[in-house]
Amino acid sequence: MDTVEEKFLLASIFIKDGKAVMSKDDHTECGDLKDLAVRFNDSGVDRIIIFDLSDDDDEHELNLLAIRQLNRNLEIPSCGSGNIKRMEDIKKLIYAGCKFVMLNAAKPECIDLAKEGASRFGKDRMLVSIHNVDFIFKHQNELNDIFHACLVLKGTVLDAVENISMLPYVIQYSGNDMDEVEELLARENAIGIIGNVFNNPGTDFMSIKSALAGKGLSMGNFKPALSFSQLKTNSDGLVPVVVQDYKTDEVLMLAYMNAESFDKTIQTGKMHYFSRSRQKLWMKGEESGHLQFVKSLTADCDYDTVLAKVSQVGVACHTGSPTCFFNDIVTKDCSEKNPLRIFEEVYATIMDRKLNPKEGSYTNYLFDKGIDKILKKVGEEATEIIIAAKNPDPEEVKYEISDFLYHMMVMMVEYGVTWEDVTQELSRR
């Protein structure tokens with residue numbers, strides 16, 4: 001949904017009564033939201049449209065909470081849609097982590113809401129779903145000033161839409177013929193396609209995108225900046241690969257690649273290696289299910305080693321250990337210096353105090369006193385930072401900032417806001 005040049009594959013997630021369900025018409029629950037998010041993250045799908053199927057305001061609020069929880073775990077840009085009646089609904093979807101909001105052209109309030117939303121959050125966040133050309137025809141002179149793109153719900157109106165407007169569009173497709181998918185995506189203003197065929201997180205999106213890219217379409221698949229021939233291999237024609245968890249930076253394992261496994265990794269988005277003991281290509285997890293999904297591949301300064309950052313399903317080691325590196329040789333105590341890791345550890349301690357109160361704990365004292373006391377302390381500590389900053393000693397500033405951050409984390413735990421929520425919001429900005 002960003003440029004006309006690159007084409008996207010989109011999936012839908014439908015929310016009913018705070019749960020993920022099969023479709024707009026089939027409200028059978030279809031899995032845990034967190035699990036769905038993680039699986040879609042690794043699948044290779046480019047965008048997610050989240051449909052709120054609520055019937056009233058109470059369910060709408062419940063679904064908004066579910067959407068917030070879903071977006072906490074999604075790494076793919078999402079678009080919120082459904083039951084948007086007022087500006088407050090647009091704001092809540094964006095605050096719930098949706099990059100885009102999609103309005104329904106069939107609703108009479110659509111244009112006025114879109115104008116207000118575009119003015120507040122920018123037109124790049126506004127989308128509209130249409131099922132006939134009347135809306136496009138009536139508002140053709142202002143569409144590009146209000147909307148980033150549209151979702152065309154019926155393929156039969158594509159020609160008419162293109163004749164009236166240059167607005168980029170996503171196509172809703174009800175079939176499963178990849179030749180038809182190719183034809184639809186090849187249309188000049190088409191930027192993506194969505195349909196039931198893409199709603200399964202187990203779909204091999206990377207292979208579909210590779211196949212479409214082979215037909216000349218620009219897809220969001222991996223486009224390596226280096227070929228295997230540019231890497232320096234050892235005497236066996238192999239390159240060692242250091243594998244790291246992309247979230248924690250924990251080193252998981254060491255393996256080797258040849259040209260075939262390198263190309264397979266790029267094509268599928270799943271880590272493939274060459275087994276020196278079995279003398280054959282193998283995909284990590286092909287038997288155990290402990291797949292590794294590629295997040296990045298980087299060559300070192302000498303081009304003779306690859307660093308792979310991956311999303312690890314299950315464990316990396318055949319022994320059942322999360323990492324292959326668990327046999328200590330020497331260890332030296334040292335202070336943790338990673339800022340986010342420290343924040344997360346302190347946050348976890350505060351959360352533990354809330355869940356498992358400890359007598360005499362100042363943290364539990366704050367929780368017992370309630371949110372007004374917590375907010376009072378946050379305000380006091382913020383003031384202390386300002387006072388300290390007027391003095392020449394930076395040590396005092398450091399001390400007061402630490403006090404403030406602790407009390408702020410107590411407030412975060414009370415409201416259920418995590419550091420991941422905060423860092424995701426900052427990255428979106």
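Taking only the alpha carbons of the stretch 1-122, we obtain Rg and Dmax values of 14.0, 41 Å in that order. Taking Cβ atoms as reference points and 13 Å as the exclusive limit, the residues near GLY370 contribute a net charge of +2, counting Lys and Arg as +1 and Asp and Glu as -1. Given 5 Å bins starting at zero, what is the percent of C-alpha pairs of the stretch 220-330 in each, up to the one with the largest pair distance? Each 5 Å bin holds this share of Cα pairs: 2, 12, 23, 26, 20, 12, 4, 1, 0.
Past 26 Å, Cα to Cα: identify those pairs from LYS154/LYS264; LYS92/LYS209; LYS7/LYS284; LYS19/LYS92, in the order given. Don't skip to the end; give the middle numbers.
On the way: LYS154/LYS264 36 Å; LYS92/LYS209 33 Å; LYS7/LYS284 29 Å; LYS19/LYS92 18 Å.
Violating the 26 Å limit, Cα to Cα: LYS154/LYS264; LYS92/LYS209; LYS7/LYS284.
Dividing the convex hull volume of the alpha-carbon atoms in the stretch 263-376 by its residue count gives 243 Å³ per residue. Summary value for the chain: 10 percent relative contact order, contacts being C-alpha pairs under 8 angstrom separated by 6+ residues. Going 7 Å from the Cα of ALA225 toward and past its Cβ, which residues in the stretch 284-318 have a backbone nitrogen under 14 Å from where you end up? So the set is 296-303, 307.
To the nearest 20 debye, what charge dipole does the stretch 283-348 have about its Cα centre, counting +1 at the Cβ of each Lys and Arg and -1 at the Cβ of each Asp and Glu?
In debye, rounded to 20, the stretch 283-348 gives about 180.
Pairs exceeding a 25 Å alpha-carbon distance, out of LYS99/LYS215; LYS91/LYS115; LYS115/LYS138: LYS99/LYS215. Near ASP352: Cβ cut-off under 13 Å, other residues only, Lys/Arg at +1 and Asp/Glu at -1. The net charge is +1.
Across the stretch 50-95, Cα-Cα pairs farther apart than 14 Å form 43% of the total. Given the convex hull over the Cα atoms of the stretch 142-189, what projected area results after averaging over all orientations, in nm²? The orientation-averaged projected area of the Cα hull of the stretch 142-189 comes to 3.4 nm².
In the chain, helices alone account for a calculated mean residue ellipticity at 222 nm of -12000 deg cm²/dmol, with every DSSP H run of four or more residues adding -39,500 (n - 2.57).
Counting only Cβ charges, +1 for Lys and Arg and -1 for Asp and Glu, the dipole size of the chain around its Cα centre is about 480 debye. Sequentially through the stretch 374-385, phi angles give Karplus couplings (6.51, -1.76, 1.60; θ = phi - 60°) of 4, 5, 4, 5, 4, x, 4, 5, 5, 5, 4, 5 Hz, Gly and Pro residues having no value and appearing as x. What shape does the stretch 154-252 have by the C-alpha gyration tensor, where a ≥ b ≥ c are the square roots of the eigenvalues, rounded means a/c under 1.5, and otherwise prolate means a/b greater than b/c and oblate the rest? Prolate, since a/c reaches 1.5 and a/b exceeds b/c. Along the stretch 30-38 the Karplus relation, 6.51 cos²θ - 1.76 cosθ + 1.60 evaluated at θ = phi - 60°, assigns HN-Hα couplings of 10, x, 6, 4, 5, 5, 4, 4, 4 Hz to successive residues, with x for each Gly and Pro.
Between GLU5 and ASP352, the simple spin-label model (points 7 angstrom out along Cα→Cβ) gives 5.0 nm. Per residue, the chain exposes an accessible area of 53 Å² to a 1.4 Å probe, with every protein chain left in place.
Given springs between every Cα pair under 10 Å in a Gaussian network model of the chain, which of VAL397, VAL21, VAL413 has the largest fluctuation? It is VAL397. Bridge orientation summary for the chain: considering DSSP beta bridges with both residues in this region, about 35 percent are antiparallel. Only lysine pairs 8 or more places apart or on separate chains count here, and in the stretch 337-429 those with Cα atoms under 19 Å apart total 10. Considering only GLY269, GLY285, GLY216, the mean-square fluctuation computed in a Gaussian network model of the chain, springs between alpha carbons under 10 angstrom, is largest for GLY216. With every protein chain in place and a 1.4 angstrom probe, the accessible-area ranking of HIS318, HIS272, largest first, reads HIS318, HIS272.
The values are calculated or read from the model by the stated rules, or taken from the named source; none is laboratory data. Quantities reported herein were computed from a predicted structural model and do not represent experimental measurements. Positions of Cβ are backbone-derived with ideal geometry, glycine not excepted, and every protein chain shown enters the neighbour counts. Side chains are part of the model used for accessible areas, which takes the heavy atoms of the whole protein and leaves out ligands, DNA and RNA. Shrake-Rupley method; radii C 1.70, N 1.55, O 1.52, S 1.80 Å.
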